1. Taking 0.36 nm per intervening residue step and subtracting the Cα-Cα distance, what contour gain separates A285 from T352 on full extension?
2. Considering only the chain, what is the antiparallel percent among its DSSP beta bridges, to the nearest 5?
3. Order by neighbour count: S297, S38, fewest other Cβ atoms within 10 Å first, most last.
4. Could you line up H239, H274 from fewest to most neighbouring Cβ atoms inside 10 Å?
5. Rounded, prolate or oblate: which one fits the chain, using the alpha carbon gyration tensor with axes a ≥ b ≥ c (rounded when a/c is under 1.5, else prolate when a/b beats b/c, else oblate)?
6. With springs connecting C-alpha atoms under 10 Å apart, model the chain as a Gaussian network and identify which of P42, P70, P271 has the largest mean-square fluctuation.
7. Hey, fewest Cβ within 10 Å first, where do D355, D272 land in order?
8. Given the options T196, T284, G219, identify the residue whose Cα lies farthest towards the positive end of the charge dipole of the chain (+1 on Cβ of Lys, Arg; -1 on Cβ of Asp, Glu).
Amino acid sequence: MQLRTVLLAGVASLSLCAPALADVTICVTVSATGPAASLGAPEYATIPMLPTEIGGETVNYVAFDDATDPTAAVRNVRKCIEEDSADLIIGSSATPGSIAVAGVGAETGTPVISLSPVGLEGEANEWTFRAPQNVSQMASALIGHMEANGVTTLGAIGYSDAYGDQWFAEMERALEGTGITMAPVERYARNDTSVTGQVLRIVSANPDAVLVVSSGTPGALPNIALGERGYDGQIYHTHGSASLDFIRVAGEAAEGTVLPVGPIVVAEQLPDDHPSKDIGMKYTAAYEDENGADSVSSFGGHMYDAGQLAAAAIPVALEAAEPGTDAFRSALRDALEGVEEVVGVHGVFNMTPEDHFGHDERSRVLVTIEGGAWKYME
């Protein structure tokens, strides 16, 4: 693979071959360090598994670590667009950085595949496609479980950023008419080291269940604090917590947590007829061969699916224009918007002008944490 890696935040850099004029260039910015490292590190480790030839053209990847800093993410992609004539952007890992990257994509006419389920409008949405599942799909799976298990009062604690805003807005909308009341709703920052005050307010309300809206290892804080205060109701998480690092940090406090995830998380446990089982098991084997047993994560799977989307769209764009041109980038945007039945480790993608997520119910399953591992809930 011709991969030029530019790691920021004090990490050593490696520079290999510069892209040839006719090659396809893909710029990648992920949060390999910082608060979202449990998302970005497996995404970064997946880059060597992405296709290096598509439609008869060599594909070069220029990869950056934005250290969970939206400003750095913007700097990374601008550099790649200006210096390397990037045809496609993949990134970033967390929602704030992804919003910033989407803005650059719209401004420069460069298509983006986001690794965060970011909500966007206008031109930013027009140029951005998402590898992760839509928040509404995952929220409906959780609410279905709540209704089936008699939950009527739901406490909540989540990030005080765009990811939290997106989830809580969707939950308020989706809970209408269900008979489930969500209160209190508490917030915390990704880099906070304590949520004691927020959890005390939730425990005093004694809700039937608690929803934690977080991603990666910071999601362990509420579980630990709830356990320390004797809360014994059901704890739910979003798909942002689908990381073994979350289980490792939360320990016993993670046991019994229920969350919606992409099929890759439990690929081996899926029914044989699930479309993502074979590709999920192949990706898992390849990833764990390089990174160790039980190292595969949902987030690396999003990067792998970004590669599947690129592999489907680039040959179509090549019929219209040469890489490195505005015409090719525009054609690639149009091709991404038209992909059909692209099988990934997180489900099957069918993009439309109205839907830049492209997922259906094949993209989600419910899991619980049992014995420090994911257990598929049939």
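We did not get these values from a lab; they are worked out from the coordinates using the rules stated. Keep in mind that what you see is a predicted model, and the values were worked out from it rather than measured. Cβ coordinates were reconstructed from backbone atoms using ideal geometry, including for glycine residues, and neighbour counts include every protein chain displayed.
1. 20.9 nm
2. 30 percent
3. Fewest-to-most Cβ neighbours within 10 Å comes out as S38, S297.
4. Going from least to most buried by this count: H274, H239.
5. Verdict is prolate for the chain.
6. Of P42, P70, P271, the most mobile in the Gaussian network model is P271.
7. Ascending Cβ contact count within 10 Å gives the list D272, D355.
8. It is T196.
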